[in-house]
Structures are given as structure tokens and as C-alpha cells.
Amino acid sequence: MASKASLEVSSLVVPSVVELAKESSTSIPSRYLRSDIEKAVVPDGDRVLEIPVIDMQKLVSGGPNNSEVEKLDFACKEWGFFQLINHGVDSTLLENLKAEIDAFFKLPMEEKKKWWQSPGNAEGFGQAFVVSEDQKLDWGDLFFMVTFPRRLRNPNLIPSLPSPLSESMERYTSDLNNLSTAMLEKIAEALHMETEEMTEFVGEGRQTIRINCYPPCELSDQVMGLTPHSDATLITILLQLNDVDGLEIRKDGKWVQVQPLPNAFIINVGDILEIMSNGRYRSIEHRGTVHPVKERFSFAAFFGPRLDGELGPAPSLISEQTPAKFRRATVQEFYKGLFARRLQGKAYVDTFKIQQD
């Protein structure tokens with residue numbers, strides 16, 4: 001099994017955007033200002049985008065020919081995003097987590113330095129995918145760490161978090177680990193894969209979390225909270241932590257905003273699932289925007305396969321009629337290439353495509 005050290009990445013340490021936001025908007029460094037941001041459209045006049053809604057209780061309780069499994073297949077194939085309700089994660093835990101994370105990000109900078117990223121390690125406070133001194137930066141701070149399997153955890157992170165946040169994080173990430181396992185089983189069913197095939201591919205799995213804080217910015221139309229990208233995961237489970245919307249997805253070539261249901265999870269197909277499904281499911285570009293006067297928080301949990309495995313289309317989905325659309329690679333090779341580059345839409349997963357005659 002790969003060691004934790006083998007996944008440490010080249011990440012340049014950058015300033016805290018939360019601290020920069022406390023200063024005048026006229027002092028925003030040019031590295032954060034962008035002139036090429038595509039504006040989002042508002043469908044049907046004043047309505048936000050309504051992505052599919054999946055009921056987890058119906059998904060797991062239905063027998064053969066479960067219509068909720070068919071809805072899941074449609075959502076993954078046609079949208080790449082869906083909202084999950086009745087997911088079983090305690091609502092009181094979610095509310096406590098929201099308040100505790102808000103307090104964590106509001107700690108004085110001197111105290112937060114205990115958890116700040118160090119050169120070459122992406123875990124802790126900071127930004128991700130910063131690989132050059134001149135690339136544009138996102139208007140936001142993150143807190144990133146490996147959470148499962150437990151033996152890969154940084155011992156200086158979860159145990160050192162303020163109480164009761166450390167206890168809430170332990171319970172929440174464990175609940176999401178269980179939920180992701182159940183969800184991937186149903187995705188395998190929707191794809192008509194053998195359950196054992198998914199189980200073998202995932203193995204002990206890998207969960208990482210990214211908590212995002214996007215401070216307000218008067219020049220919100222000139223900064224980006226999170227660069228347009230697709231997730232290099234099997235699936236991602238996202239929880240909006242306050243009532244400020246900002247998630248936008250590229251649907252039919254246009255950026256549109258998603259409005260989450262209260263305490264629902266937003267789940268999206270990742271690049272690895274696109275590869276494994278041989279392109280039946282597609283990861284979708286999405287981005288995080290910034291509000292001019294309100295702070296925004298979100299919590300993303302990423303789920304990937306075991307680190308010592310091989311990545312490629314599931315053998316049961318390959319036939320003479322449906323040849324492989326993606327080349328095979330080790331999971332280690334996939335992640336090494338990912339962290340060596342900046343975020344840029346779906347450019348990375350596209351490098352694994354096989355050119356068809």
C-alpha cells in the first residue's frame with residue numbers, strides 16, 4: 001500500500017484571503033483579479049437550476065426494478081449532479097458542524113497558523129493546486145485533510161482541532177464514509193456492474209475533505225471563489241454550510257446556479273467514475289462564486305479508490321460494441337499527475353481519453 005508521504009504534493013503557500021478581505025477592495029492584489037469570467041445565466045427569468053433529487057431511503061429500500069435506481073442512473077448520465085434527501089445523517093449534527101466550522105474560520109490568524117499548510121503539503125489551511133508564482137488565485141481559503149483510512153491521517157490535524165469541532169468532524173466524516181459506500185453500491189447497480197467489481201476497485205477507499213470559506217468581495221464579478229473544474233473523484237458529497245448560494249455548474253455550455261435544499265447533500269460524478277463507467281456517466285465542470293457582501297461556506301467530501309489499484313473502465317462495461325474510451329493507469333499515476341497541475345476545467349481527465357478512429 002502506498003504511504004501517505006507518496007501523495008504529498010507541490011503546493012506553494014499563499015496568503016490568507018480571509019485576512020486580505022478585511023482590507024479595502026482597492027488593495028486586492030492583481031493575482032486575484034480576472035477579466036475572463038463567464039457570467040452565469042438565470043433560466044426562465046428568475047428561477048435557479050433545479051437539478052434531480054434522489055431519495056436515499058427509496059434508493060436502498062426498493063426491490064427489483066427500483067424506479068429510484070433508474071432516477072439515479074438518469075441523474076448521473078444526463079446531469080452529473082443530484083441532490084440527496086433522506087440521507088440518514090443527523091440534522092442536529094449538521095447544524096452543530098455548521099456553527100463550529102464558522103467559529104473555526106473566525107479564529108485569530110495567529111491561532112490558525114497552527115494548522116496552516118507547509119510547503120509541499122496540501123493539508124491544513126491555505127489553497128490547493130497552486131503550482132506557479134504567477135497563476136491566478138482563488139478568492140477563498142480552504143481547510144484540507146485526509147480523513148480515511150485513518151492510518152493515513154495527519155496526527156496533528158483532527159485531534160488538535162478545537163472541541164467540539166474535532167468530535168463532530170470524526171462523527172460526520174465516518175457517517176459520510178458509510179453513505180458513500182452505500183451510494184457507490186447503488187451506482188454499480190445502475191450501471192449493471194457486478195457489486196464485487198466496484199467493491200474490489202474501491203478497496204479500503206480514500207476520503208479527503210475540503211472546507212471552503214469565500215469571503216465577500218466588492219469586486220465579486222472580477223474574482224473567482226473556486227476555479228472551474230471537475231472533481232478527480234468517484235463521487236463528491238457537498239454540504240452548503242450557510243444560506244449564501246454560489247455553486248454553479250456548466251449545463252448545456254452555460255453557467256447556471258444551483259440552490260441546495262435545506263440540509264440536503266449535493267452529490268456529483270467525478271472524473272474517476274467517468275473513466276470507470278466508460279463515459280456513461282460524466283463529470284461536470286463547476287465553480288464557486290463570491291458574494292459582494294456575504295461570506296460563504298461549503299464542505300466537500302471526496303471519495304476515491306484504494307491507492308494501490310489500477311484505474312480504467314470496468315471490464316464488465318467493455319465489449320466489442322462498447323470499446324474502452326479511456327486508457328488504464330495506476331491510481332498513483334493518476335493522482336501524481338493531478339496534483340502537478342493547476343485546475344483547468346476537464347483538461348486533466350481528457351488526457352486519459354483514447355482517440356477513437
Name the most mobile residue of Pro159, Pro52, Pro313, meaning the one with the largest mean-square fluctuation, in a Gaussian network model of the chain with Cα contacts below 10 Å.
-> Pro159
Once a ≥ b ≥ c are taken as the square roots of the eigenvalues of the Cα gyration tensor of the chain, is the result rounded (a/c under 1.5), prolate (a/b larger than b/c) or oblate (a/b not larger than b/c)?
-> rounded
Under a straight-distance cross-link criterion of Cα-Cα below 29 Å, which lysines are reachable from Lys254, leaving out those fewer than 8 residues away in the same chain?
-> Lys39, Lys71, Lys77, Lys136, Lys294, Lys325, Lys346, Lys353
Pulled fully out, how much extra length does the chain show between Ser319 and Arg341, if you take 0.36 nm times their separation in residues and subtract their Cα-Cα distance?
-> 4.6 nm
For the chain, modelled as a Gaussian network with Cα springs under 10 Å, which listed residue fluctuates most, Ser283, Ser16, Ser132?
-> Ser132
For Lys114, go through the aspartates and glutamates and keep the ones whose alpha-carbon is under 13 Å away, minus same-chain ones fewer than eight residues off.
-> Glu123
Average Cα contact separation per residue, the stretch 92-165, under 8 Å, 6 or more apart, as relative contact order % = 26
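Return the calculated 222 nm mean residue ellipticity for the chain, to the nearest 500 deg cm²/dmol, obtained by summing -39500 (n - 2.57) across DSSP H runs with n ≥ 4 and dividing by the residue count.
Calculated at 222 nm, the ellipticity per residue is -7000 deg cm²/dmol.
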With DSSP loop assignment and no more than 11 other C-beta atoms within 10 Å, the GluC sites (Glu not before Pro) in the stretch 120-212 are Glu133
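Under unit Cβ charges (Lys, Arg +1; Asp, Glu -1), what dipole magnitude, rounded to 20 debye, does the chain have relative to its Cα centre?
680
Hey, got a sec? Which chymotrypsin sites (Phe, Trp or Tyr not before Pro) in the stretch 84-189 land in a DSSP loop and have at most 14 other Cβ atoms within 10 Å?
none
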Relative contact order of the chain, defined on C-alpha pairs under 8 angstrom at six or more residues apart (%) | 23
By how many degrees, 0 to 90 and rounded to 10, does the Cα axis of helix 165-191 deviate from the longest principal axis of the chain?
-> 30
Most fluctuating of Gln135, Gln321, Gln117 in the GNM of the chain (C-alpha, under 10 Å) is Gln321
For the chain, longest principal axis from Cα atoms; helix 91-105 axis from its Cα atoms; angle between them, nearest 10 degrees, is 40
Can you tell me the relative contact order of the stretch 146-219? Whole percent, Cα pairs under 8 Å, sequence separation 6 or more.
-> 45
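Any read-out appearing in this document is the output of simple, stated calculations on the displayed coordinates, not a laboratory observation. Predicted model only: the values in this text are computed from it and were never measured. Positions of Cβ are backbone-derived with ideal geometry, glycine not excepted, and every protein chain shown enters the neighbour counts.
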